[in-house]
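Derivation of every value follows stated rules applied to the coordinates shown; laboratory data play no part. This one's a predicted model, so the numbers in the text were calculated from it and none came from an experiment. Please note: Cβ atoms are built from the backbone with ideal geometry, for glycine as well, and neighbour counts cover all protein chains shown.
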């Protein structure tokens, strides 16, 4: 999917944002209306809001706790995190089975091992919560973004750029990594002398993170969105597709256009809700 974007922030969009409750303003970034071009096709998008970060463990635990408190046991079992995926899907990750989702040290780390249905129901729960607390002037709808909406926000005001910060490189001018990915140094790359295939070995982190990083790590893009590339691949409304790459992806696979397919909860996949606000 090759796409370019043209954003057109309006005074009315900014006015609306300034009228939203502080909790909403501080957690969601305004994505202005504009045009997104996919190949030879173009699509007009109205403004929307996107969570500045991936959903973290603390927020998802609050969601599960609310389900349990209200006796929604069936939903709780569907949406609960499958921490055993750390064991079955990854190597040398046994400690995360018991600690990653539940220990306070990981409160601000992105929730993973969540099903598509769990992510959708989290969005539904957040919609209900916002409408109960802040329904005086606005109606709120929270959902997963489509792939086009996500890509539009990732590219922000910059066209045809592989990464959300606009440049083609994974490090800034100071040599700092710009996202959480499988950083492979030149000294770890080998070419087979017979098949001439290239492989990497001993790729443990050069980017400051062993697995995931806290959701406000690295630098946000121009819209204020963190970790659109790397950290965890993010579910979109199209089931089975996660975008932006993860902490276990190579640099090429954390581009804005990168796609990862999934069929079940994964330690590599999280999500980030989109918010639509309508004045009553």
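Here are some notes:
- Stokes-Einstein D for the range 5-160, Kirkwood Rh over Cα pairs, 20 °C, 1.002 mPa s (µm²/s): 121
- For the chain, Kirkwood radius (reciprocal of mean inverse C-alpha pair distance, Å): 19.6
- Exposure proxy ranking, count of Cβ atoms within 10 Å, fewest first, for 234, 16: 16, 234
- Gain in span if fully extended, residue 42 to residue 78, counting 0.36 nm per residue against the direct Cα distance: 9.2 nm
- Stretch gain in nm, segment residue 195-residue 58, where the contour uses 0.36 nm per residue and the Cα spacing is subtracted: 44.5 nm
- Counted by neighbouring Cβ atoms within 10 Å, the residues 99, 49, 76 run from fewest to most as 99, 76, 49.
- Per-residue Cβ neighbour rank within 10 angstrom, fewest leading, 194, 78: 194, 78
- Gain in span if fully extended, residue 124 to residue 176, counting 0.36 nm per residue against the direct Cα distance: 14.9 nm
- Considering only the chain, percent of DSSP beta bridges that pair antiparallel, nearest 5: 90
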